[in-house]
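Below you'll find the structure, written out as structure tokens, and then a few comments.
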Amino acid sequence: MKKEIEETVRIWQRDNRIRNLSEESLESYDACAKDFLRYFSAHGIWKFRQLTEEVIKDYTFSQLQRNCSARTVNNRLKALRRVCHYYESELKPGFNIPQITLQREEMTCRKPLTDEEVCKIAANFSPDNPDSVLVAFVLDTGARSKSVRNVRMEDLDFDRGIITLRVTKNRDVLRIPMSMKLSELLRQYVRINKIKEGYLFRCTDKETMFTRSTVYKLVKRYLNHCGVDKSGVHLFRYTFGKIMIENNCNAMLLQKWLGHRTMEETKKYVRLYSDELKTVCEQVTPLAQYGKILKKLSSECLL
């Protein structure tokens, strides 16, 4: 097989599709594979036996010379490692997988919306403006773009105040509460647009749900309208997590709400917004200056 690595990547991605991986994962793998295959091709590396630890180090170094972030480099190395494991398990048992060392990633603080920006955005919410309703939904639920795009009318339980997210990253059905403000906004929105069934947010043909790029464009358009120079749908998920933490939300509740399977995923939000946690330290910790323990102790000492 002349281009063994390239052919293995092809059938690996075929099997990934058969396993029904998300489109986001497939697109990410495609992008990563395109990069390392280009490098290998330029250096005459076609077969797995040519993949040595030194070759992997040279590839990693070439990424760093291009000023790729540690996260980007690691994503490509992880994809390559998965291809190697696939080759070893499915095609060549006993293949000695080369060591692939990942880069150290610094914990960088995501830039969520500030309180002032949230106020600007919320001040313009209107059931007559579909863009604003979409933004209100992602802001007040913390849901991912894919989950929001797949919400249908039957997923909204206005009587109980519950939203069902049937399409999630980990494929678990997620049921989250709907605030009274969001419920009121959605009720008016569906009444004005005469939406009785199908997707809540949809294209002009009334049947097709939005694509990921469409949601991104609509959100960006609304933010520009509000004078907020930021973009991205996941921006609202970070903002949601930040506000929940600032309001002393229980970590297990936040984990359940965001649909994280492990607490490790939720802990990222805690680490990212640790500065905000410090501001409430003297109110919530056992020995907090304004907490119930010291208050009680002080009152008992006065007796």
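A few comments on the model shown:
- Just one residue in the set ASP15, ASP35 is in a helix (DSSP H, G or I) and either in contact (Cβ under 8 Å) with a residue 60 or more places away in the chain or in contact with a His (Cβ under 6 Å, 6 or more places away or on another chain) (or both); that residue is ASP15.
- Within region 119-146, residues that are over 17 Å from ILE176 (Cα atoms) sit with their Cβ atoms under 7 Å from residues that are part of a loop (DSSP other than H, G, I, E, B) and not polar (S, T, N, Q), at 6+ positions apart or across chains, in these pairs: LYS120/CYS226; LYS120/GLY227; LYS120/VAL228; ILE121/CYS226; ILE121/VAL228; ASN124/CYS226; SER132/PHE125; VAL133/PRO127.
- Members of region 132-142 found to be open to solvent by less than 10 Å² (accessible area, probe 1.4 Å) and farther than 18 Å from LYS220 by Cβ, listed by number: THR141, GLY142
- Filter result (touching a residue at least 12 places away in the same chain (Cβ under 8 Å) and in a helix (DSSP H, G or I)) within region 171-190: MET180, LYS181, LEU182, SER183, LEU185, LEU186, ARG187, GLN188, TYR189, VAL190
- Qualifying positions in region 146-168 - open to solvent by 20 Å² or more (accessible area, probe 1.4 Å), in a helix (DSSP H, G or I) and modelled with pLDDT under 95: LYS146, ARG149
- Of all the numbered requirements in (1) open to solvent by less than 80 Å² (accessible area, probe 1.4 Å); (2) in contact (Cβ under 8 Å) with a residue 12 or more places away in the chain; (3) assigned to a helix (DSSP H, G or I); (4) closer than 25 Å to GLU27 by Cα, ARG71 misses one, and that requirement is (1).
The values are calculated or read from the model by the stated rules, or taken from the named source; none is laboratory data. Model, not experiment: these values are computed from the prediction. Positions of Cβ are backbone-derived with ideal geometry, glycine not excepted, and every protein chain shown enters the neighbour counts. When the accessible area is computed, the model is the full protein with side chains, heavy atoms only, and any ligands, DNA or RNA have been set aside. Shrake-Rupley method; radii C 1.70, N 1.55, O 1.52, S 1.80 Å.
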